[in-house]
1. How far, in nm, would the chain grow between Thr125 and Gln58 when pulled straight, counting 0.36 nm per residue and subtracting the alpha carbon separation?
2. With the chain treated as a Gaussian network of Cα nodes joined by springs under 10 Å, which of Arg104, Arg142, Arg150 yields the largest mean-square fluctuation?
3. Quick check: net charge around Tyr128, other residues with Cβ under 12 Å of its Cβ, Lys/Arg +1 and Asp/Glu -1?
4. Once phi is turned into θ = phi - 60°, what whole-Hz ³J(HN,Hα) does the Karplus curve with 6.51, -1.76 and 1.60 give for every residue of the stretch 95-111, x standing for Gly and Pro?
5. State, to one decimal in nm, how far the label point of Trp16 lies from the label point of Arg150, with both points 7 Å from Cα in the Cβ direction.
6. Checking the cross-link filter: which aspartates and glutamates have an alpha carbon closer than 19 Å to that of Lys14, excluding same-chain neighbours under 8 positions apart?
7. Compute the angle between helix 177-186 and the longest alpha-carbon principal axis of the chain, please, reported from 0 to 90 degrees and rounded to the nearest 10.
8. Under 10 Å, Cα contacts only: if you run a Gaussian network model on the chain, which one of Leu13, Leu109, Leu56 comes out with the highest mean-square fluctuation?
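No value in this document is a laboratory result; all are computed from the given coordinates. Keep in mind the model is a prediction, meaning the values are calculated, not measured. A quick note on method: Cβ atoms are made from the backbone with ideal geometry, for glycine too, and the neighbour counts reach across all protein chains shown.
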Amino acid sequence: MSSFYNDPQFSYLKFWRGREYEHQAEVLAIKRLLGKLRFTQIVDIGGGYGRLAPILLQFCDQLTLVEPSSKQRKLAPKGLKIVAGTSESTGLPDSSYDLVSIIRVLHHLPDLLPVFAEAARILKTHGYFLFEFANSLNFKTRLINLITGRALSTLPLERRRPANIRRGSIPFVNHHPQAIFKLLTKNGFITIQTLSVSNFRSSWLKKIIPSPILLVLESIFQPLLSIFYFGPSIFVMARKI
């Protein structure tokens with residue numbers, strides 16, 4: 001995966017241009033899930049160039065960024081502790097962090113067992129695990145299946161390749177929510193809260209409805225629609241037992 005994000009022809013900074021709604025929707029979710037919590041040590045795994053660092057820094061004394069791509073590490077804000085590592089192997093010491101954050105990473109990883117095991121390893125007892133996954137039960141998929149008459153997949157994950165990713169370069173995986181929650185339990189976590197995020201991710205909606213209005217709707221519906229696994233992204237706040 002790091003080879004793709006190191007590719008000089010690909011700019012992750014440019015990828016986020018025009019995606020202000022998606023970015024702010026994720027910021028809303030993080031702030032809602034973290035609330036009034038305060039941490040000594042947060043580690044953001046697969047944090048890229050530090051897109052979410054300004055938000056996470058509001059909730060901790062020290063933020064560590066773990067990122068496999070040397071190109072993204074060089075773009076990260078100064079002052080962060082930056083470590084070369086992956087979500088399966090961070091190289092960080094056992095039981096050393098109060099919160100592990102993994103956002104916009106799991107859609108590249110078909111097998112999440114080693115990822116969740118690594119998060120559990122580096123978290124302190126009763127530490128928090130904040131993560132996001134691409135949802136295979138999202139409303140758009142359900143609607144398409146209803147129209148086409150296809151049965152809704154019950155598989156633990158569904159793979160697809162988005163149009164903006166070159167063939168052979170990187171996988172994209174939608175995960176089944178129930179598979180996610182089973183893995184959490186298996187690795188010693190309890191789920192505290194889930195949110196449905198980027199619920200109005202649509203190019204035509206973003207053209208006709210101003211972003212501030214979309215974000216007001218997003219803020220209202222994130223907790224309500226999580227019951228139905230509506231959105232393309234599901235945010236989860238869990239805790240290590």
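1. Details: separation 67, 0.36 × 67 = 24.12 nm, distance 2.24 nm.
Fully extending the segment from Thr125 to Gln58 adds 21.9 nm.
2. Between Arg104, Arg142, Arg150, it is Arg150 that shows the largest mean-square fluctuation.
3. On the way: positive: Arg38, Lys124, Arg239, Lys240; negative: Asp98.
Net local charge, Tyr128 excluded: +3.
4. 6, 10, 10, 8, 9, 10, 10, 9, 10, 6, 10, 5, 6, 9, 10, x, 10
5. About 3.2 nm separates the two model spin labels.
6. Excluding near neighbours in sequence, the set is Glu22, Glu26, Glu67.
7. 20
8. Taking springs between Cα atoms under 10 Å, the residue moving most is Leu13.
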